[in-house]
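The structure under discussion appears below in the form of C-alpha cells.
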Amino acid sequence: MTIRDSFGRPVENLRVSVTQRCNFKCIYCHREGQLLDYSVELSAEEIERIVRVAASLGVYGVKLTGGEPLLRKDIVDIVRRISGIPGIRDISMTTNGFFLKEYARQLREAGLSRVNVSLDTLDAEKFKMITGVDAHEKVIEGIIEASRAGLNPIKINMVLLRGVNCDEIEDMVKFTGEHHLTLQLIELEHPSEDSFYMKYHVSLDGIEDEIREKSSKIIIRSMHHRRKYILRGGAEVEFVKPMHNTEFCLHCNRIRLTSDGKLKPCLFRNDNLVDLLNPMRDGASDERLRDLFIEAINRRKPFFM
Ligand code: SAM
Ligand code: SF4
C-alpha cells in the first residue's frame with residue numbers, strides 16, 4: 001500500500017541522485033536543487049538498501065539522476081540491484097547521453113525501462129556552447145543505441161533558451177518523430193530570476209498553443225497532470241512547466257535521495273533533509289531506516305500552497 005504524507009499526497013517515486021559529478025558544464029544547470037558536495041557518495045549496496053526500505057513503504061518508481069549518473073562505474077550494478085527489489089516496477093534514468101552508446105544494452109539488460117536524454121539542440125556548435133563539450137554526435141549515437149537496445153520510451157529533454165534554440169523546435173519535433181522518441185520541452189528554471197534567467201528565459205505557453213493546434217490527440221498524464229500532444233504524423237511532445245507553482249506541489253508524489261545519502265522531502269528546500277548515510281554507516285537496523293524514511297515523508301509539505 002502506498003504511504004501518504006500529511007497532506008494526503010501519495011509517495012510513489014524516489015528520485016535518486018547517484019553522483020554530483022558531471023562531465024558537462026551546461027550553462028543553465030540547477031543540479032536538482034542539491035547543494036554541491038562531491039566528497040561522499042552512497043555505495044551501490046547503500047542505494048539498494050534505501051530503495052528496499054522505500055519499496056516496503058509503497059514506492060514503485062525509481063529515477064536515477066545526478067550530476068551525470070553514467071559517470072558511476074557501478075551504474076549497471078546499481079540498476080541491477082534496484083530491479084531485483086520486490087515492488088519496484090519502473091526504473092528510469094536522466095542522462096546527458098555521453099556514455100549511453102556504451103552502456104545502453106547493459107542498462108536495459110540490468111532492468112532499466114526507459115531513459116531521458118538531454119539534447120537541447122541539433123547543431124553541434126550550439127551544443128558545445130551550451131554544454132561546454134564537443135560531443136553532439138556522440139550523444140546522438142547514444143540515443144540511437146538506446147533505441148536499438150529497447151529502452152522505451154526515450155524522452156529528449158530540451159531546455160528552451162531564448163535566442164539559442166527556440167528556432168529549432170520544428171526540427172526537433174521532426175527528429176524525435178522520425179526516431180520514435182518523445183520530445184520534452186522544458187521551461188528554464190532558475191533559483192533567482194537573475195540576469196541569466198532574464199536573458200534566456202522563454203515561456204512555454206505560446207509554444208504549447210502552437211503545438212496544440214498541430215496535434216491530433218492530447219493525453220493528460222497522471223504525473224503532475226502534464227499533457228502529452230500527439231501530432232499529426234505521430235510525433236509526441238510534452239511540456240515541463242516551471243515547478244514553482246501550487247499545481248506542481250499539489251500533485252508531487254516524489255521524494256529525493258541526495259548522492260550523499262540524505263532524503264530531501266522537497267525540491268525547493270535544503271533545511272529539512274533527513275540523513276540516512278550516517279545512521280546506516282553506524283549500523284542502523286532496517287526498522288530504524290524505515291522510521292527515518294517515514295520521518296522524511298512526514299516533513300513533506302507543499303512549498304507553494
Ligand atoms: N546530467 C543528467 C542530464 O543532464 O540529463 C541528469 C541531471 S540534469 C540536472 C536533469 C535534467 O534537468 C536535465 O534534463 C536538464 O536539462 C534539466 N535542467 C537542468 N538545469 C535546468 C534548469 N535550470 N531549468 C530547467 N531544466 C534544467
Ligand atoms: Fe547539469 Fe546534466 Fe548538464 Fe551535467 S549534463 S551540467 S548535470 S544538466
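The values are calculated or read from the model by the stated rules, or taken from the named source; none is laboratory data. Only a predicted model underlies this, so the values are computations on that prediction, with no experimental measurement involved. Note that we place each Cβ from the backbone using ideal geometry, even for glycine, and neighbour counts take in every protein chain shown. Heavy atoms of the whole protein, side chains included, go into the accessibility calculation; ligands, DNA and RNA do not. Shrake-Rupley method; radii C 1.70, N 1.55, O 1.52, S 1.80 Å.
In this structure the chain gives 46 Å² per residue of accessible area when probed at 1.4 Å with all protein chains present.
Per-atom-type breakdown for the stretch 13-298 gives carbon and sulfur 48% of the accessible area (1.4 Å probe, protein chains only). Residues in the stretch 150-156 carry Karplus couplings, in order, of x, 5, 7, x, 9, 10, 9 Hz; the curve used is 6.51 cos²θ - 1.76 cosθ + 1.60 with θ = phi - 60°, and Gly or Pro positions show x. Start at zero, step by 5 Å, and the Cα-Cα distances of the stretch 72-166 spread as 3, 14, 23, 21, 16, 11, 7, 4, 1, 0 percent across the bins. Filter the cross-link list 25/138; 228/264; 262/301; 174/264; 128/174 down to pairs whose alpha-carbon distance in this structure exceeds 26 Å. From the list (25/138; 228/264; 262/301; 174/264; 128/174), the Cα-Cα distance tops 26 Å for 228/264; 174/264. The GNM of the chain, with springs linking C-alpha atoms under 10 angstrom apart, assigns the highest mean-square fluctuation among 234, 97, 67 to 234.
A simple rule links phi to the HN-Hα coupling: the Karplus curve 6.51 cos²θ - 1.76 cosθ + 1.60 with θ = phi - 60°, which for the stretch 215-221 gives 8, 9, 7, 10, 10, 8, 8 Hz, with x for Gly and Pro.
In this calculation the C-beta distance from residue 31 to residue 122 is compared with R0 = 35 Å, giving a FRET efficiency of 0.90.
Taking 172, 280, 158 as the candidate residues, the one with maximal mean-square fluctuation in a Gaussian network model of the chain, Cα springs under 10 Å, is 280. A simple charge model with +1 on the Cβ of Lys and Arg, -1 on the Cβ of Asp and Glu and nothing else charged puts the dipole of the stretch 13-298 at about 720 debye relative to its Cα centre.
Here, the stretch 229-300 has an Rg and a Dmax of 17.3, 57 Å when only alpha carbons are counted. Between amide H atoms placed 1.01 Å from N, distances below 5 Å from residue 262 occur with 276, all of them 5 or more places distant or on a separate chain.
Sites listed here are chymotrypsin sites (Phe, Trp or Tyr not before Pro) in the stretch 1-59 whose DSSP assignment is loop and whose Cβ has at most 10 other Cβ atoms within 10 Å, and the list is empty.
Of the residues 232, 108, 162, the one that moves most in a GNM of the chain with alpha-carbon contacts below 10 Å is 232.
Across 40, 237, the residue with the most accessible area heads the list, and the full order at a 1.4 Å probe is 40, 237. Temperature 4 °C, viscosity 1.567 mPa s: under these conditions the Stokes-Einstein estimate for the chain, based on its Kirkwood radius over C-alpha pairs, is 65 µm² per second. The separation of the stretch 199-240 from the stretch 31-86, counted between C-alpha centres, amounts to 30 Å. Ellipticity at 222 nm from helices only: DSSP H runs of n ≥ 4 in the chain, each -39500 (n - 2.57), divided by the residue count, give -9500 deg cm²/dmol. Under 5 Å between amide hydrogens, built in the peptide plane, is the criterion, and for residue 240 it picks out 185, 186, 187 among residues at least 5 positions away or on other chains. Going by accessible surface with a 1.4 Å probe and the largest first, 43, 92 read 43, 92.
Isolated cysteines of the chain, defined as having no other cysteine beta carbon under 4.7 Å away, are 22, 166, 249, 252, 266.
Measuring nothing but alpha carbons in the stretch 91-145 and taking Rh as the Kirkwood radius, the Rg to Rh ratio lands at 1.01.
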